[in-house]
1. Taking the stretch 28-49 on its own, how many of its residues are crowded, with 17+ Cβ neighbours inside 10 Å and either under 16 Å from the mean Cα position of the chain (by Cα) or of a type in the set (A, V, I, L, M, F, W, C) (or both)?
2. Taking the stretch 68-87, which residues are closer than 13 Å to V54 by Cα and either of a type in the set (F, W, Y) or free of Cβ contacts under 8 Å to residues at least 12 places away in the same chain (or both)?
3. Enumerate the pairs (first residue in the stretch 1-28 and among the hydroxyl-bearing types (S, T, Y); second residue anywhere and not in a helix (DSSP H, G or I)) with beta-carbon separation below 8 Å, excluding pairs fewer than 6 apart on the same chain, so at least 6 apart or on different chains.
4. In the stretch 67-89, what residues are surrounded by 15 or more Cβ atoms within 10 Å (Cβ to Cβ) and among the aliphatic types (A, V, I, L, M)?
Amino acid sequence: MKFYNAIFEIARLLMILLFVYTGISKLIGYYLFYEQLTNIPLLQNLATPLSIAVPGIELVTAIALVFKKWEITGWWLSALLLSIFALYIAIMMLFAPSLPCSCGGIISSLSWQQHLWINISLAIICWSKLYRHYFILKFSMHTRE
């Protein structure tokens, strides 16, 4: 039990750092992020709302993970964001592998394959945390009664 708690605590801190870093990087390089979104045919019409919403949601996710009261919401947001990003990356790899990454900061220097594996791995950690929270811990509480 302590082992899993330590793993998920490290993962929580990693998610906070990741989302703060990428969110702030996108805001600092807002015009570059916006321009990269306009270069993606599938997202051209959504570039303006996405260029504001994505870094905002990333920062909200990080903030939610900081506070115990909102931690599960933060895990849900993390799992959904990372899953959506992984799906987006998979689509980009299939249809437009030469497009630049709009992730922000040093993360944008990764290849599409590296992005995909990182996002899938982090998404699995998030979904595992949610599974543990909702099914394993809640089930074990009910069986003790």
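No lab work stands behind these numbers, since they all come straight from the coordinates. Small disclaimer: the values here were computed from a predicted structure and weren't measured. Because the Cβ atoms are built from the backbone with ideal geometry, glycine has one as well, and the counts that use them run over all protein chains shown.
1. The total comes to 4.
2. First pass over the stretch 68-87, keeping only residues closer than 13 Å to V54 by Cα: 77-78, 80-82, 84-85.
Matches in the stretch 68-87: L80, I84, F85.
3. Sorted first by the residue in the stretch 1-28, then by its partner, the pairs are Y21/G104; T22/C103; T22/G104; S25/C103; S25/G104.
4. I72, L77, A79, L80, L81, L82, A86, I89, listed by residue number.
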